[in-house]
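Notes follow the structure.
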Amino acid sequence: MVEKQTALPGRTVSHRRVPETADTAARRARLRTESPVRDYRPCSMVTTEPVTGDVVCVVVAGEFDVASANLIADAVTIVLDRGHRQLIIDLHGTTFLDCSALGALLTAVAPLRSEPETTVVLAGAHGIVARVLELVDVHRFLPVAIDRSSALEALLGVRLGRLAAS
């Protein structure tokens with residue numbers, strides 16, 4: 001232990017240097033090698049909300065790629081397993097959607113294509129997500145609406161059209 005005295009104007013300050021222990025040395029080495037930057041993973045969230053009696057909205061928010069594509073497919077599958085056949089997929093909060101996530105979504109709703117009383121509408125896509133939907137020509141498979149209220153109007157219009165036809 002080394003003591004050192006420093007004279008400051010009007011006072012004397014003592015400094016003591018404590019010998020470094022093995023624990024202190026290991027902690028110092030770990031702090032030097034650890035990066036303060038943590039593994040960043042964008043937030044991806046899928047929730048379901050009832051809209052009307054038999055219409056359910058699957059709200060997709062965040063960035064979706066191969067690592068999070070299953071979240072969309074699982075949410076749609078759960079909604080379908082509960083017996084809902086009128087779905088709005090709200091993409092308003094989605095900032096990124098790659099082809100694997102889009103494929104998972106289309107695969108999840110594929111069983112509904114053969115059922116005449118079902119409708120799935122994509123709503124609220126903007127930016128790069130809208131561009132991906134446009135490039136893939138998703139509108140050939142699913143109706144695409146500007147927002148959730150337009151999607152609900154489209155769903156109700158389709159149902160009224162089916163009732164008038166029968």
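The values are calculated or read from the model by the stated rules, or taken from the named source; none is laboratory data. Computed from a predicted model, the values in this text were never measured in an experiment. Cβ coordinates were reconstructed from backbone atoms using ideal geometry, including for glycine residues, and neighbour counts include every protein chain displayed.
Quick notes on this one:
- Tally of residues being surrounded by fewer than 16 Cβ atoms within 10 Å (Cβ to Cβ) and either closer than 10 Å to residue 90 by Cα or in contact with a strand residue (DSSP E or B) (Cβ under 9 Å, 6 or more places away or on another chain) (or both) across region 142-157: 5
- The lone criterion from (1) exposed (fewer than 14 other Cβ atoms within 10 Å of the Cβ); (2) at pLDDT 90 or above; (3) small (Gly, Ala, Ser) left unmet by residue 125 is number (1).
- Those strands (runs of 3 or more DSSP E) of region 1-105 in which 1 or more residues are of a type in the set (D, E, K, R), modelled with pLDDT under 80 and out of contact with any Lys or Arg (no Cβ under 7 Å at 6 or more places or on another chain) occupy 2-8, 11-17.
Residue by residue, here is whether (1) surrounded by fewer than 16 Cβ atoms within 10 Å (Cβ to Cβ); (2) of a type in the set (A, V, I, L, M); (3) in contact with a Leu (Cβ under 7 Å, 6 or more places away or on another chain) holds:
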| site | (1), (2), (3) |
| --- | --- |
| 57 | no, no, no |
| 63 | no, no, no |
| 71 | no, yes, no |
| 103 | yes, no, no |
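- Hits in region 114-129 (condition: within 15 Å of residue 61 (Cβ to Cβ) and in a helix (DSSP H, G or I)): 127, 128, 129
- Hits in region 80-101 (condition: surrounded by 18 or more Cβ atoms within 10 Å (Cβ to Cβ) and of a type in the set (A, V, I, L, M, F, W, C)): 80, 87, 88, 89, 91, 97, 101
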